[in-house]
Amino acid sequence: MQLLFDLLQERGFVHQCTEEDVLRKRLEHPLTLYWGFDATADSLHIGHLVSIMMLAWFPRYGHHPIALAGGGTTLIGDPTGRTSSRPMLSAEEIERNVEAIKRQLAHFFNFEDGHALLVNNADWLTKLGFVDFMRDVGSRFSVNEILRLEAYRTRLEAGGLSFLEFTYVLMQSFDFLYLYQHYDCILQIGGSDQWGNSVTGADLIRRVTGGDAYVISHPLIMTSAGTKMGKTAGGAVWLDPARTSPFEYYQYWRNTDDRDVEQRLAIYTFLPMEEVRALGRLEGSELNRAKEVLAFEATKLIHGEEEATRARDAARALFSGGDRGDDIPTFELDRAELDAGLPVTALFKAAGLVESANQARTMIKQGGLAINGDVVTDPHQRIDTGGLENGDLMLRAGKKRFRRVVLR
């Protein structure tokens, strides 16, 4: 059986790690590790998936994963990747978000038998006394040390870093120490943007206990076009079907750039690498088969095989020119709005296919918007009930993003 560290490297998960030679040996025997997420919304999105997929390989090798919900740290807000403070959420909102996210993670981890755990750092962070915490933990950090971390330096240069945000690295480091002391957790995984916070946590463990702890970071996945993974014209691609339908989710993967297909198959599916490489070698129109496999496997992991099949069948029907399928995302619109004549830019914005009227006008100039198969050419056009086809409208943005408008 392939060594886990070699598998992670082969599939593209390893960006940096501490003490690689030692960690390789430790991974030959069961250990406990964790990945942390902040509960800023009631759903994770595709940007979280690389961490989830990486974590999901560990129990397949007998290791014990912990998913750490940042119920406490979300009350502060991670400054990583931000030039401004995050909105404050209430404890009740955060708790609801954690419960919703746990249901999503249950697609990957069995939390029922205790082999995988979901814990919430609010359980210990909110019970800390300020003086005790600053004496026992804060005293082990220097301001200069923290400001060398890019996230904190960037926030400071952007116009200010609140003391609340400044303490985030202390909180995250304490999480690692707490999990080490209470769960024998010796490894943290996460994105390369969290490398500084993670390594600081491992250092805190050594300073406080004299024990060893390790970190593996994965790369932040970008498209070959240079855009951040999971970002579209319509916003983030969510794991919650109420936010991103299974059809839209499937289409996101189906629309993967040709240059990215093999990498996506390696990271976002559990297919054997022999099959991944074989699919990645396909060229021309044959590569569409690889994209369909990617879309089906990725959708199946989140939404189940039945929904993945429905999404695939709807996409095949739509693009073969046959029946448009019942699983294309719908948008309800009051008939009165169409009776009055709705600006075409407002229609596409309301349907979630563009972010603004300006973007709609730009896409119209490029021939990128269509209604019932007819390309929109006039940005001042108004749509009324005369444009209905079989009682609804079919909108298209770009080549592969659709929305059925149903009147109520």
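Here are some notes:
- Exposure proxy for CYS17, CYS185: other Cβ atoms within 10 Å of each Cβ, ordered fewest to most, give CYS17, CYS185.
- Alpha-carbon centroids, region 1-72 and region 342-382: separation in whole Å: 43
- Where (1) 201; (2) 141; (3) 165 are the candidate values, the label of the one calculated here for volume of the Cα convex hull per residue in Å³ is (3).
- With Cα atoms, 0 to 90° folded angle of helix 195-209 axis to the chain main axis: 20
- The sum of -39500 (n - 2.57) across all DSSP H runs of n ≥ 4, divided by the residue count of the chain, sets its helix-only mean residue ellipticity at 222 nm to -13000 deg cm²/dmol.
- You can think of it this way: the chain between GLU93 and VAL406 has 109.5 nm of extra reach, that is 0.36 nm per residue less the Cα-Cα gap.
- Cβ crowding within 10 Å ranks ASP38, ASP212 as ASP212, ASP38, fewest other Cβ atoms first.
Just so you know, all these numbers are worked out from the coordinates, no wet-lab data involved. Bear in mind that the values here come from a model prediction, so they are computed numbers and not experimental data. Cβ coordinates were reconstructed from backbone atoms using ideal geometry, including for glycine residues, and neighbour counts include every protein chain displayed.
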